[in-house]
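Below is one structure, written out as structure tokens; the observations come after it.
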Amino acid sequence: MKYEPPLEKISENIREAVLGHGEKALKIGGENTLPFHSFEGTLPNPPGLALEILDTEPENWAPSVLEPFEDVVSDPVNWARKCVEVFGAEMLCLRLVSTDPLGKDGSPQAAAEITKKVADAVDVPLIVWGTNMDEKDAQVLTEVARVCAGKNLLLSPVSKGNYEKIAQAALEHGHAIVAQASMDANLTKELNIVLCKFFPPEKIVVDPTASALGYGLEYTFSIIEEIKQFGLADKDKMMQMPIICDFGGDCWRTKEAKENREQGILWEATTAISFLLAGANLLIFRHPEALKLIKEMVV
Amino acid sequence: MALKGAEIMKMLPKTNCKECGYATCFAFAMKLVAGGAKLEDCPYLDPEVKAQLEAAMAPPIKLVTIGTGENALSIGEEEVMFRHEKTFFHEPGIAILISDKGVESEIEEKLKRINAFDFERIGQKLSINLLALCFESGDKDKFEALVKKAYETTEFALILISEDTDVLFSAAALCADRKPLVYPITNENMSAAVPKLKEFGVPAGVRGASIEALVSVTSDLKDAGIENMVLDPGSKNMVEGIQNQTLIRRAALKKGFRPLGYPTIAFPCFMYPDKFKETVAAAALMTKYAGIVVVSQADEHFILPLLVHRFNIYSDPRRPMTVEEKVYEIGNPDEKSPILITTNYALDYFIVSAAIEETNMPAYLCIKGTEGLGVMAAWTSGKFNGEAIAEFFEKYGMPDKVKHRKLIIPGVAKKLVAELEEDLPGWEIILGPLEGSDIPKFLSEEWTA
């Protein structure tokens, strides 16, 4: 019996999104095949690998994930610089923990100011993450959008409950957005449909919400695979946005990561590789060693 | 299944004799396809036709068993490319490499460590499956001593690795009754290997430099009467491994290509000297279709992520792991005890109940039925929102169980706070910690009735 490689050519593409601006802007997505399937299609852009920083000094971080940043956590600008200059991060995710209405409940203005400082201090693309509270995120991210006009930030998360305000502000001030729908491919599609009525699809990245290894990883894995199947094999235009996974924090909150440094790095790295295998285009890491490991293996 | 009912029908006697228990030959054919009927049920089937049908109806990926008894590993018989299409059926084996080149005391230490592994998750024991014994010393006696030691002092299934075919089979003779996987069987050593494989009845780890090269070896082995094979397409790194294993599975499942219809083996231990990379590659290669991965680490911090990873990917998406909806009373709670609520996703229940037990503080743990969805997914789908939880409270009479009016909800469910304040008027809604492991600290520091 003669062997013919069973190739599957796909005529559709995942949309290509451009994040950031200037020389260090990064493209993600754009592939017309499944992840790592370079034998039957093209994957023009390697996955985006971002490092996470907080606008507030972290509480309760495991010592082994705090250690790389110990000298900079009190200042988000220094923290951002270290990630880029020392750890070679090509993208950052600034988490606006200070604005959490159930925590410090800081003002949108203060958060926007910090964001601006960070965005001015580094030239890599910046993801700006709220606190997953619809109403507050709408206030904070619209203010961030205004203050950082033209930086082409990736504002996150945008949900069914607040998409109009944030997307409108992103449109007005030249930013991209993360459309978040929890663990359900149909909800992802629904949100994309309402967004695309007034927002450019190439500026949307979708977040199916991610879970750590051992804590629901398989759900995230399969939903990403499903979304990619819908987008590529079934040619559903509303399922062709690049996918982001935010899991570093979830990984480092597990007892397995806390109890041992090496195990923690592997917890984050194996979670990351699973999502890349499923089809994620953009990952947010907490530990620079985990990011480095994945980068060396896939890029 | 390669054949359709109508195609099978053509090969049956078409007499509708009913002796098989079905009204017509066609009904019998359909039942054969669906599963439930066996070819033996037809008393008039020509033996030659029966053999043809058997071959055509065999699963597209053969089930291969390595080892015996409780520690046997069965791999193959997979049906889908993506777990959400159905499920993955047979967990891949995790093998730990032991070279005979090492110092004896180190080998002994490694075996001891592996024997002592004891991992558990959600009430299930997680375990590695195989020892991969590798001839590298050039000293046949040394290798045989290693094989004997592994055979006598452990109960794991075995893989024997030797580029020297004579040494390979002299070692196989020492442990043939444990049905080790012998590796590599190649185009070069095939003629010497076939009689031995048959004599010992052991599965063959077949290596080719590429998929094409593999196809010619497996075809020849099949013609020589060898049935049980595990394939190694010679992948040199993680990405190549993913690609090769994807093509092999696709050829078997979608094209019914028999020469590749076997499970595969991958060797992260030979791909990456770095132990972190080796582990990540092993996780990736298990996800994308390896039947066995061989790693060199016997360090529990490197093995646990792999075991949990396999546990996740091979869990059955058709049956979320759930526990019963009810109010679990932990340690005789009374009217002053805290009330915590979470979903009936088994992992949520196990994490939270274990954390409460750790505090020694009696508590009511409300498990709301969410069909196995975790907190956020259940919230999105309306199974764990304010209204649903208020109903649960009513149904189980929570207000009568305690004098206080405080409810602790999962830390990730921030969006629930406002909803519950509306749907459970008079109750104070307290956001618990984000992580289950912080519950003991949280309860002991924050809880007052």
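The values are calculated or read from the model by the stated rules, or taken from the named source; none is laboratory data. The structure displayed is predicted, hence computed values, not measured ones. FYI the Cβ positions are ideal-geometry reconstructions off the backbone, even for glycines, and counts take in every protein chain you see.
Restricting attention to the range B:290-313, does a residue exist that is of a type in the set (S, T, Y) and farther than 16 Å from B:F276 by Cβ? Within the range B:290-313, none of the residues are of a type in the set (S, T, Y) and farther than 16 Å from B:F276 by Cβ.
On the basis of being in a loop (DSSP other than H, G, I, E, B), out of contact with any Phe, Trp or Tyr (no Cβ under 8 Å at 6 or more places or on another chain), outside the structural domain of B:E120 (by TED's automatic domain parsing) and under 30 Å from A:W61 (Cα atoms), does B:F442 make the cut?
Numbers: in a loop (DSSP other than H, G, I, E, B): no; out of contact with any Phe, Trp or Tyr (no Cβ under 8 Å at 6 or more places or on another chain): yes; outside the structural domain of B:E120 (by TED's automatic domain parsing): yes; under 30 Å from A:W61 (Cα atoms): yes.
It is false that B:F442 is in a loop (DSSP other than H, G, I, E, B), out of contact with any Phe, Trp or Tyr (no Cβ under 8 Å at 6 or more places or on another chain), outside the structural domain of B:E120 (by TED's automatic domain parsing) and under 30 Å from A:W61 (Cα atoms).
Of the candidates B:E428, B:E387, B:E422, B:E357, the single residue that is among the acidic types (D, E) and within 14 Å of another protein chain (Cβ to nearest Cβ) is B:E428.
Looking only at the range B:374-432, how many residues end up being in a helix (DSSP H, G or I) and either surrounded by fewer than 19 Cβ atoms within 10 Å (Cβ to Cβ) or not polar (S, T, N, Q) (or both)? Break it down stepwise before answering.
Initially, the range B:374-432 is screened for residues in a helix (DSSP H, G or I), giving B:375-380, B:386-395, B:398-401, B:414-423.
Subsequent filtering for residues that are either surrounded by fewer than 19 Cβ atoms within 10 Å (Cβ to Cβ) or not polar (S, T, N, Q) (or both) retains B:375-379, B:386-395, B:398-401, B:414-423.
So the answer is 29.
For the range B:316-329: of the residues being buried (at least 16 other Cβ atoms within 10 Å of the Cβ) and within 14 Å of chain A (Cβ to nearest Cβ), which is modelled with the lowest pLDDT? Residue satisfying both the conditions and the ranking: B:P320.
Residue-by-condition table, conditions (1) crowded, with 24+ Cβ neighbours inside 10 Å; (2) not assigned by TED's automatic domain parsing to the domain that holds B:F156:
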{"site": "B:V293", "(1), (2)": "yes, no"}
{"site": "B:A298", "(1), (2)": "no, no"}
{"site": "B:H301", "(1), (2)": "no, no"}
{"site": "B:G331", "(1), (2)": "no, yes"}
{"site": "B:D348", "(1), (2)": "yes, yes"}
{"site": "B:A354", "(1), (2)": "no, yes"}
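Tell me, which residue of the range A:44-59 that is assigned to a loop (DSSP other than H, G, I, E, B) and touching a Leu at 6+ places or on another chain (Cβ under 9 Å) is farthest from the other protein chains (Cβ to nearest Cβ)? Steps first, please.
Here is the first cut: in the range A:44-59, the ones assigned to a loop (DSSP other than H, G, I, E, B) are A:44-47, A:55-59.
This time we only want the ones that are touching a Leu at 6+ places or on another chain (Cβ under 9 Å), so: A:45, A:47, A:55-56, A:58.
On the way: A:N45: 16, A:P47: 13, A:D55: 18, A:T56: 15, A:P58: 13 Å.
Top of the filtered list is A:D55.
For (1) more than 19 Å from B:L424 (Cα to Cα); (2) charged (D, E, K, R), each residue gets a yes or a no:
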site	(1), (2)
B:Y364	no, no
B:G374	yes, no
B:S381	yes, no
B:I389	no, no
B:E394	no, yes
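What about B:T246, is it in the same structural domain as B:V294 (by TED's automatic domain parsing), touching a strand residue (DSSP E or B) at 6+ places or on another chain (Cβ under 8 Å) and not acidic (D, E)? No. As a summary of the residue check, B:S437 satisfies the conditions (1) in contact with a strand residue (DSSP E or B) (Cβ under 9 Å, 6 or more places away or on another chain); (2) within 14 Å of chain A (Cβ to nearest Cβ); (3) assigned to a helix (DSSP H, G or I); (4) not acidic (D, E) except for the one numbered (1). If only residues of the range A:160-175 that are crowded, with 23+ Cβ neighbours inside 10 Å and of a type in the set (G, A, S) are counted, the one that is farthest from the other protein chains (Cβ to nearest Cβ) is A:A170.
Contact list please: Cβ distance under 6 Å, first residue in the range B:114-140 and closer than 17 Å to B:S296 by Cα, second residue of a type in the set (K, R), pairs at least six apart or on different chains. Hits for this filter: B:E136/B:K101; B:S137/B:K101. Of the residues making up the range B:151-187, those that are closer than 22 Å to B:T264 by Cα and assigned to a helix (DSSP H, G or I) are B:T165, B:L168, B:F169, B:A172, B:A176, B:R178.
With respect to B:S216, determine if the residue is among the small types (G, A, S) and out of contact with any Phe, Trp or Tyr (no Cβ under 7 Å at 6 or more places or on another chain). Don't jump to the end; show me each part of the working.
Numbers: among the small types (G, A, S): yes; out of contact with any Phe, Trp or Tyr (no Cβ under 7 Å at 6 or more places or on another chain): yes.
In short, yes.
Out of (1) touching a residue at least 24 places away in the same chain (Cβ under 8 Å); (2) in contact with a Pro (Cβ under 9 Å, 6 or more places away or on another chain), the odd one out for B:V182 is which? B:V182 satisfies every listed condition except (1).
Looking only at the range B:211-233, residues that are surrounded by 18 or more Cβ atoms within 10 Å (Cβ to Cβ) and more than 9 Å from chain A (Cβ to nearest Cβ) come to 10 in all.
Can you tell me which residue within the range B:234-252, out of those that are within 19 Å of the chain's Cα centre (by Cα) and within 9 Å of chain A (Cβ to nearest Cβ), is surrounded by the fewest Cβ atoms within 10 Å (Cβ to Cβ)? If we take residues in the range B:234-252 being within 19 Å of the chain's Cα centre (by Cα) and within 9 Å of chain A (Cβ to nearest Cβ), then B:T246 is surrounded by the fewest Cβ atoms within 10 Å (Cβ to Cβ). Does A:S38 fit the bill of being surrounded by fewer than 21 Cβ atoms within 10 Å (Cβ to Cβ), within 14 Å of another protein chain (Cβ to nearest Cβ) and closer than 21 Å to A:C251 by Cβ? No; evaluated as a whole, the condition is false for this residue.
Looking at A:D207, A:D184, which one is over 18 Å from B:H309 (Cα atoms) and in contact (Cβ under 8 Å) with a residue 40 or more places away in the chain? Walk me through how you get there before you give the answer.
Values: A:D184 fails: in contact (Cβ under 8 Å) with a residue 40 or more places away in the chain.
Only one candidate qualifies: A:D207.
Each row is one residue, and each column tells you yes or no for (1) surrounded by 15 or more Cβ atoms within 10 Å (Cβ to Cβ); (2) under 26 Å from B:K254 (Cβ atoms).
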position: B:I8; (1), (2): yes, yes
position: B:L12; (1), (2): yes, no
position: B:C25; (1), (2): yes, no
position: B:E48; (1), (2): no, no
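Tell me, which residue of the range A:7-32 that is among the small types (G, A, S) and assigned to a strand (DSSP E or B) is surrounded by the most Cβ atoms within 10 Å (Cβ to Cβ)? Spell out how you get there, then give the answer.
Of all residues in the range A:7-32, those among the small types (G, A, S) come to A:11, A:17, A:20, A:22, A:25, A:29-30.
With assigned to a strand (DSSP E or B) added as a condition, the list becomes A:17, A:29.
Numbers: A:A17: 26, A:G29: 23.
Out of the qualifying residues, it is A:A17.
Checking every residue in the range B:165-180 against the condition of being under 30 Å from B:K86 (Cβ atoms) and surrounded by 15 or more Cβ atoms within 10 Å (Cβ to Cβ) gives at least one match.
Looking for something more than 26 Å from B:P180 (Cα to Cα), at pLDDT below 95 and in a loop (DSSP other than H, G, I, E, B) - is there at least one such residue anywhere in the range B:269-289? Scanning the range B:269-289 turns up no residue that is more than 26 Å from B:P180 (Cα to Cα), at pLDDT below 95 and in a loop (DSSP other than H, G, I, E, B).
Counting only residues that are more than 10 Å from every other protein chain (Cβ to nearest Cβ), of a type in the set (V, I, T) and touching a Ser or Thr at 6+ places or on another chain (Cβ under 8 Å), the range B:270-309 holds 2 of them.
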